[in-house]
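Take a look at the structure below.
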Amino acid sequence: MQTKKKAINFMKNILAWLISLIMLIPLVLIIVNAFKSDAEALTLTLSLPKEWTFSNFVTVIEKGKLLQSFLNSLLYAGCATIIVVLFGSMAAYIFSRRRDRTGNAAYMYMVLGIVIPINYVALMKVMQVTHLNNSVPGIILLYTAAQLPFTVFLLYGFVSKTPIDMDEAAVIHGCGPIRLFFSIILPMMRSSIVTAAVLCFLNTWNEFVMPLYFLNSSEKWPMTLAVYNFFGQYEKSWNLICADILLTCLPVIIMYLSCQKYIVGGQTEGAVKG
């Protein structure tokens, strides 16, 4: 019986490894073809390049304006992440402490933003009326509004498990509301905040539809739109396209790998027991 159980677990591990390798095929395809010559990359095969061409990346950076797009993406994702984490943690704390009918209704209204689709027609009209269309503050506010509901939902699960007795003890010792949150509650939420920040940054970095609709100037485009524009100009140069995609994905991959332990730990701590 024990041998049969070990064999089943072994087969499950093999199956998991095979599925993982299949998922890695597109990434390997992009990496390999990014170093090929123009003629060799036309077939888009997994074979190694006969001659490694590193000049593809130089060409992409110069012709694709990736440096400016990288700075734009960093600005948008960074500012949106800071705003979302700051206000999301505050909202999650208030919602977790005020569990009356009004507080629960406000929390549910906020969380509904995760599943309700965005009406881009109405949103475009709002952006035009407020004169935020095709502006840096406008796109940052849109990213913030899109990521805030999930961040509140994620942090709410962690804050709701912290005992209220800590709040009462801090108030007795003279803590005001602001000091209570920033000196006691916020440090306790560190792992969950890192998780929320990483997920918000990755989602904002990979966003494509919002900048496509609300940024008309190519000088304000993030890296996702730069890749889209570059593909339209060099649709037959697959080596340059793969190099462009690789450079765009590289910051996200590095950030995810470096913060992976915080993401897993934060999601575990924020889990709500049923």
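Here are a few things to note about the model shown:
- Percent of Cα-Cα distances greater than 23 Å, calculated over the range 13-165: 63 percent
- Helix axis angle, 190-205 relative to the chain longest principal axis, alpha carbon, degrees: 40 degrees
- Accessible carbon and sulfur surface of the range 12-70 relative to its total accessible area, %, 1.4 Å: 74 percent
- The loop-placed chymotrypsin sites (Phe, Trp or Tyr not before Pro) in the range 183-224, going by DSSP, that have at most 13 neighbouring Cβ atoms within 10 Å of their Cβ come out as 208.
- Surface share of carbon and sulfur [accessible, 1.4 angstrom probe, percent] for the range 112-158: 75 percent
- Proximal aspartates and glutamates to residue 36, defined as alpha-carbon separation beneath 20 angstrom and excluding residues fewer than eight positions away on the same chain: 51, 62, 235, 244
- Here the contact order of the range 16-119, divided by its residue count and restricted to Cα pairs under 8 Å and six or more residues apart, works out to 13 percent.
- Each part reduced to its alpha carbon centroid, the range 175-249 and the range 2-54 end up 26 Å apart.
- Furthest towards positive pole of dipole, 73, 53, 159, structure part the chain, Cβ charges: 159
- Normalising the Debye intensity of the chain to I(0), with uniform scatterers on Cα atoms only, and taking log10 at q = 0.10, 0.11 Å⁻¹ returns -0.71, -0.82.
- Counting only lysines at least 8 places from residue 125 when in the same chain, those with an alpha carbon closer than 26 Å to its own are 220.
- Principal-axis tilt of helix 2-33 within the chain, Cα atoms, nearest 10 degrees: 60 degrees
- Contour excess over end-to-end distance, with Cα ends at residue 3 and residue 164 and 0.36 nm allotted per residue: 53.0 nm
- Solvent exposure of the chain as accessible area per residue, Å², 1.4 Å probe: 60 Å²
- Helix axis angle, 260-269 relative to the chain longest principal axis, alpha carbon, degrees: 30 degrees
The values are calculated or read from the model by the stated rules, or taken from the named source; none is laboratory data. Given the structure is predicted, the values throughout are model-derived calculations rather than measurements. Backbone-built Cβ (ideal geometry, glycine too); neighbour counts: all protein chains shown. The protein model used for the area step is the full one, side chains on, heavy atoms only, and it has no ligands, DNA or RNA in it. Shrake-Rupley method; radii C 1.70, N 1.55, O 1.52, S 1.80 Å.
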